[in-house]
Amino acid sequence: MNLLFVADPLDQFKTYKDSTYAMMREAASRGHRLAACEPRHLAWRSGGRVTALARELRLTGQVGDAGTPWYEAQPATPRALAEFDAVLMRKDPPFDGEYFYATHLLEQAEREGARVFNSPRSLRDHPEKLAVMEFAQFVTPTLVTRDAEDIRRFHAEHREIILKPLDGMGGMGIFRVGPDGLNLGSITETLNAHGQRTVMVQRFIPEIAAGDKRVLIIDGEPVPYVLARIPQGSEIRGNLAAGGKGVAQPLNERDREIATEIGRILAPRGLLLIGLDIIGDRVTEINVTSPTCFQEIQQQTGFDVAQVFVDALERVMNPTRDEPAPRVPDRPAKA
């Protein structure tokens, strides 16, 4: 297949942990051709098709974080997205205005015949904080509001709460307020801009001490290992970007039950890859823009998540082909 990755600048990749790089490496190992662009390189002109100023890539096999180039690229040329076999939207959040506009360009490319994963419309329809509303049975008590008095009443009911912006990522802008309500007013004003912005408030889940689990779902099926991101020191945030420690663990039965049900509903909407955030037995977020943790899981367990993802991509692109034999066992690697 000829694959186009729409992603962040390649020179910013941390290849030792980047999930998009893991996808590229696995796809290249099977003989698939790679190209890449950034969302800013997408364009459309009336009478024509959506194009990308794309560069064909060859992976060098080197880890680029020590200054060794991990790829070689041909000069960028404008190419119609419909000319690629598959387009993988892997731009990291935040889901800002430019990301929103990129999904519209990608959806137009779909109308022209492109195959885009994850579906641009589903990216818009499933914002990562608010997508949990469809699955309230799996969610801790949650409030979405602009109203400061609503937030005060929610705190009075639940006593210990978490407040977060709807457009945050990597743990940015998350606050914990304890039973004494200290600084609740100031935090609310900071997040809701005196009633101008909507925020999410959730009852605090003490099981965060054991980790904020990233559960991956590929083509509707949960990956058998999760990455528990464990807060360090005085932090309440387990996000790796906020200093959390990632520990891979087998998927437990409750998490499998939750992931299977959510995958059954969301995968048919064009969401080939989903990342659930689960604390205890409660879903806190549903990530669909650019789910990660492929390499951390593989490095600690031997389970090759990228292999499963590319298997799924090949299966979706060619549903009549025989199912490949698994190359990695569903068990931890031996020491």
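The values are calculated or read from the model by the stated rules, or taken from the named source; none is laboratory data. Computed from a predicted structure; not experimentally measured. Positions of Cβ are generated from backbone atoms using ideal geometry, with glycine treated the same way; all protein chains shown enter the neighbour counts.
Among the residues of region 55-78, those that are out of contact with any Asp or Glu (no Cβ under 8 Å at 6 or more places or on another chain) and either among the charged types (D, E, K, R) or more than 20 Å from residue 15 (Cα to Cα) (or both) comprise 55, 56, 65, 72, 75, 76, 77, 78. When the residues of region 12-38 are filtered to those that are in contact with a Phe, Trp or Tyr (Cβ under 9 Å, 6 or more places away or on another chain) and among the aromatic types (Phe, Trp, Tyr), the one that is farthest from residue 311 (Cα to Cα) is 13.
Scanning region 103-121 for residues that are surrounded by fewer than 22 Cβ atoms within 10 Å (Cβ to Cβ), assigned to a helix (DSSP H, G or I) and touching a residue at least 24 places away in the same chain (Cβ under 8 Å) turns up 105, 108, 121.
Return the residues of region 205-250 that are assigned to a strand (DSSP E or B), modelled with pLDDT of 95 or more and of a type in the set (A, V, I, L, M); say none if nothing qualifies. Within region 205-250, 215, 216, 217, 218, 226, 227, 228, 247, 248 qualify. Only residues that are of a type in the set (Ser, Thr, Tyr) and within 23 Å of residue 277 (Cβ to Cβ) were counted in region 76-127, giving 4. Checked against the criterion of being surrounded by 13 or more Cβ atoms within 10 Å (Cβ to Cβ), under 21 Å from residue 297 (Cα atoms) and touching a Phe, Trp or Tyr at 6+ places or on another chain (Cβ under 7 Å), region 205-220 contains one or more residues that satisfy it.
Selection of region 40-79 for residues being free of Cβ contacts under 8 Å to residues at least 24 places away in the same chain and of a type in the set (S, T, N, Q) yields 46, 60, 62, 68, 74.
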